[in-house]
Structure formats: C-alpha cells, structure tokens
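Worksheet: one structure, shown below.
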Amino acid sequence: MSPATKTPRTRRVRAAGLAEATVSEGPLHRFIYEQLLLEIQAGVYKPGERLPSEAVLCERFQASRITVARAFQTLQREHLVTRRPGSGTYVEKPARQNSLQFGLLIPDLGTTDIFEPICQGIMRSPAARFHSLTWGHSTGHEEDLEKAAMHLCQQYIAQKVAGVFFAPAEFTEGRDEANRKIALALEQAGIAVVLLDRCFERYPTRSSFDLVGIDNHRAGRTLTEHLLQAGAQRIIFAMRPHSAPTVDARAAGYRDALFSLAPGRQPVTVCGNFEDPRFVRKMLDRERPDAIVCANDYTAAHLMQTLIALGVRIPEDIKMAGVDDVAYARLLPTQLTTIRQNCAEIGAVAMAVMLDRIQNPSQPVKDVLVRTELVVRASSGCAAMN
C-alpha cells in the first residue's frame, strides 16, 4: 500500500507550555516546525533565547536528529532563528530593518484556482511580517492579459519594489514573448524575482530566476504509474493549447513512466479543446484510450463532462486523473483522482526564498519543490481514499 493510501493516523503531543493536542499525522519535521513556531509566537521562547537542543527535541517528539534538523532549517529559512555552531539555536531578535515592498504579478489570478491560496501563503508567512505586498491582476480577458501584466510590471518598477513574485501567464498565443519581456524588464531594473509554480522558458530550458513549485515530472509519472497499476492498457495525456511549461514536464513524466514501466506502449499526447464534443469524439475513435492523464484538474473537469455527454462511463470505460486537487475535484460527477499540491506552503516558501535572494544576490539559482500527495478517488477505478 502506497503512503497516499494509508489510513490516516493521529499522534498526541504536548507542546511546551501548551495543552496536549491530537493532530493528524503528516511529515514529522513539518509538525515539529509548526509546534516550535507556535511556541515562538506565543512567547514560550523569547527573542534572543536558546531553543531546546536537538537531543531534547528528539526525545520530546520521538524523532531522529535529521528530522529535528529539518524543522530547524525551515525556521532558519524564514529568519525566525539563528543557529550558532557549538552553541545552539536562538530565536531571532526583532530585526531593525526597513519594511520592504513586494509586488505580486499573477496574470492568471482569479482564473486559475491555485494562485489565491499561494498568495495567502505568501501573506501569512512569518517571514512576511515586516514587509508589505502589492496586489495586481488582469481583467481575465485574454486580449487584455498581456498588456495588463506589462503595465503592472512597469508600475512595480516605478515604485522601486524590492522584489516581484511572478507567475508567468499561460493559454495565450503571445504569452512566451510577453513573459520574457516582463522578466527582462524586472531584471534590468535590478528587482529580485521569484517564480511561482512555473518557469516562462519552455521545458526543459531554465530561466535565471529562483522558482518555487512542485516536481511536475514526478507528478506526471506518479499518475501514469497509478493508472497502470489500476489496469489501464492505453493511456493518453491530455492538455490544452499554449499550456505552461509545467504541463510539458508532466507530459514528460507520463512518457517516462510508459517507457520504463510499460515497454512497447507508445505515448500519445493530445492537445485541443476538450469542451468540443466533435474533437473529443474523433480523439476517442482515433486513440481508443482506456485511461487519460490530464494536465490539470481544469482540463480533467471539462473533458469528463464532455465524455459523459458522449455516453462514456467514468471509470468503467475510461479512467481519469488530474493535477492540483482544486476544490471542485471531489464535486465532479465522478470524484477525481489527482495530485494534491500544498499551495499555501508554496507561498510561504516563496517569501523565504525571496528574502534569501535579496540578502544573497550572488548565490546560485535554485528550484524549491514542495511536497505533493496522490489523492485516489473513484475516477481512476480504485476505491476512494481521500
């Protein structure tokens, strides 16, 4: 049984100075981080005071030194503690720093479900407590999106913001050129940039900016492996035109899974309008799939509706899976198997990466990939577990 299908368990832990609580079991290092953060915010450990040693925390949480060290590293990335070799880990004193202003440049905000929780994660990050965030988004109309994004970019440059969180636009024909113009303008203005969720260069090419997201190649491979284990024989990959490079990475993971786990089965990627019954009918007649890995939940939702209208049963005739685990994934006619990403964590990590970049502008460019989880529901022909 894979980790994603285990029956949820709980643990009881007494945080220092706080009441005992029962919590769902997740990554232990994350739980330790959250407990220590809570205690710092509650004043159990005051600025300048030393936290308990790793050995003490190992005993308290019944954890390994590696696990406790990972929790400390997260606190340190968010500038909440300082580790002094040979002395211990100390709570940071309130920094005497000027409040920095950051801009959010997300053309798809309001049209793509993942970005609102990412923005909330940025704002709620402990690392953001001294700083301000400026919002801006397009009207959502395709013809205005690229112009609105560039206009907002110029506003941020004029305001001399310290950094911009940038989620490159997708689904418009001119988005590659528009995204590159924005990136170049910010770079020439000396403004730090952290990419959210996606790069603007086509996969596998990489830009020169830090990026916080998920391992999209692994997501595509995981879904394909799951459908193979569910008995699928003819799996195709479905995507919309002008999708982001994250989709190319998911498609690459899908192909990799077929090549390594199902030799002889040719990968097929279908790109088109899955709300069009005629297009979908031709796809079914041509490819005769019994399973579909969808680029994301949005694609899966529209394709599922069209398939059902054509008399196709999900999952009896065709198994399906997507990526994102948006709110409506469990509300579809057949609940959707998907990859869940922690959008709030992407936002919190992005703020820490931004501050680190500003403090260390010459350090190597990095990708920071947050955890994901396979959520198994009825659409893949397996018993729903989440």
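The values are calculated or read from the model by the stated rules, or taken from the named source; none is laboratory data. Worth saying up front: this structure is predicted, and the values here are computed from it rather than measured. We place every Cβ from the backbone using ideal geometry, glycine too, and count neighbours over all the protein chains shown. Ligands, DNA and RNA are excluded from the accessible area calculation, which covers all protein heavy atoms including side chains. Shrake-Rupley method; radii C 1.70, N 1.55, O 1.52, S 1.80 Å.
Residue 82 - would you say it is modelled with pLDDT of 90 or more, among the β-branched types (Val, Ile, Thr), in contact with an Asp or Glu (Cβ under 9 Å, 6 or more places away or on another chain) and not in a helix (DSSP H, G or I)? Break it down into steps so the answer makes sense when it comes.
Working: modelled with pLDDT of 90 or more: no; among the β-branched types (Val, Ile, Thr): yes; in contact with an Asp or Glu (Cβ under 9 Å, 6 or more places away or on another chain): yes; not in a helix (DSSP H, G or I): yes.
So residue 82 does not fit the description; no.
Pairs are defined by a Cβ separation below 6 Å, a sequence spacing of at least 6 or placement on different chains, a first member in segment 249-271 that is open to solvent by less than 60 Å² (accessible area, probe 1.4 Å), and a second member that is in a strand (DSSP E or B); the pairs so defined are 251/237; 251/269; 254/237; 254/293; 268/236; 270/236; 270/238.
Give, as residue ranges, the helices (runs of 4 or more DSSP H) completely inside segment 109-227 that count at least 2 residues that are of a type in the set (S, T, N, Q) and more than 21 Å from the chain's Cα centre (by Cα).
On the way: elements: 115-124, 142-159, 175-188.
By residue number, 142-159.
Can you tell me which residue in segment 301-322 is farthest from residue 333 (Cα to Cα), limited to those that are hydrophobic (A, V, I, L, M, F, W, C) and open to solvent by 40 Å² or more (accessible area, probe 1.4 Å)?
First, pick out the residues of segment 301-322 that are hydrophobic (A, V, I, L, M, F, W, C): 301, 303-304, 307-310, 312, 314, 318, 320-321.
Next, from what is left, pick out any that are open to solvent by 40 Å² or more (accessible area, probe 1.4 Å): 308-310.
Details: 308: 9, 309: 11, 310: 14 Å.
Looking at residues that are hydrophobic (A, V, I, L, M, F, W, C) and open to solvent by 40 Å² or more (accessible area, probe 1.4 Å), I get 310.
Of all positions in segment 44-51, none carries a residue that is touching a helix residue (DSSP H, G or I) at 6+ places or on another chain (Cβ under 9 Å), of a type outside the set (Val, Ile, Thr), under 25 Å from residue 341 (Cα atoms) and surrounded by fewer than 14 Cβ atoms within 10 Å (Cβ to Cβ).
All conditions but one from (1) open to solvent by less than 60 Å² (accessible area, probe 1.4 Å); (2) closer than 28 Å to residue 370 by Cα; (3) touching a strand residue (DSSP E or B) at 6+ places or on another chain (Cβ under 9 Å) apply to residue 298; the one that does not is (1).
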